[in-house]
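The values are calculated or read from the model by the stated rules, or taken from the named source; none is laboratory data. Computed from a predicted structure; not experimentally measured. We place every Cβ from the backbone using ideal geometry, glycine too, and count neighbours over all the protein chains shown. Note: accessible area is taken over every heavy atom of the protein model, side chains too, but ligands, DNA and RNA are not part of it. Shrake-Rupley method; radii C 1.70, N 1.55, O 1.52, S 1.80 Å.
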Amino acid sequence: MAKRPFDIQAQPGFGFMALLTFFALYLPIAALVAYSFNAADSLSRWDGVSLRWFISAWHNSAVQDASVRSLVLAVSAAALSTIAATMAALATTRTRPYPGLTFKYAFINQPLMVPEIVTGVALLIVFSRIKVWTGYSGLGYLIAAHTAFCIPFAYLPIRARLESMDLTLERAAADLYATPWKAFRFVTLPLLRPAIIAGFMLAFVISLDDVVITEFVKSGGQDTLPTYMLGQLRRETSPEINAIATVFLALSVVLVTAFYFVNRRKP
């Protein structure tokens, strides 16, 4: 009896396992979203569809303060990390290869490989000493921590766009007596803008959703929305938390989708 030829496209069981994995991953999220519209005071029963918990969260002063702080932190960290990532990407792509360049790539991307809790503990040790020396305990520590953590997330799409760009356009600008600044401003930057926007949005989402580093670095009264939710879950599970999580999920999906479409644009 002749053996059946091996078909690399035939993978029995993989489709079922993928479906089972996605079901296990997204079923709890679907349940959370569904119960955020529950009219009941308890998660143990369903009393119909209502927006009462979204309205309750909207009028909650603690949620308002945490939301404003989260947005200020995320915008600041995303802007600073995107600027730093753009400069780092230009410095590591617009140059001839030299010894140590690979080390620079690894150094910039190091926060991606180090567990967040290690970064959080390290920042806690450093910032605690600075707080003692300076007496300052404001939001600047969180902005610095989030900026450092978000740089590699903004760096990757910007570097990828720079590596795929046609260098002849910049060389043509130089041949036409453009200064390096003018060549960057009128040639490189317009071509790089979609990647910069994509890097900013990705850094914004990462900063907005961060819990571990924020929990280690923040001072008293500096709860962001994720750490506020974590604190509430330690006390009681309120349907209001489901509503906040649903809004967070919707915002993250919108930003990640926008990141995907912006990053698809070719220079």
Hits in the range 160-183 - residues which are in contact (Cβ under 8 Å) with a residue 60 or more places away in the chain and open to solvent by 50 Å² or more (accessible area, probe 1.4 Å): GLU163, SER164, ASP166
Residues located in the range 206-253, provided they are in a helix (DSSP H, G or I) and of a type in the set (S, T, N, Q): SER207, THR214, THR227, GLN232, ASN242, THR246, SER252
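Within the range 67-103, restricting attention to residues that are over 22 Å from the mean Cα position of the chain (by Cα) and charged (D, E, K, R), which residue is nearest to GLY138 (Cα to Cα)?
ARG94
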Residues that are at pLDDT below 80 and among the small types (Gly, Ala, Ser), drawn from the range 223-251: SER238
Among residues of the range 38-88, those that are surrounded by 18 or more Cβ atoms within 10 Å (Cβ to Cβ), part of a helix (DSSP H, G or I) and of a type in the set (S, T, N, Q), counted: 6
TYR98 within 30 Å of LEU167 (Cα to Cα) and open to solvent by 60 Å² or more (accessible area, probe 1.4 Å): yes
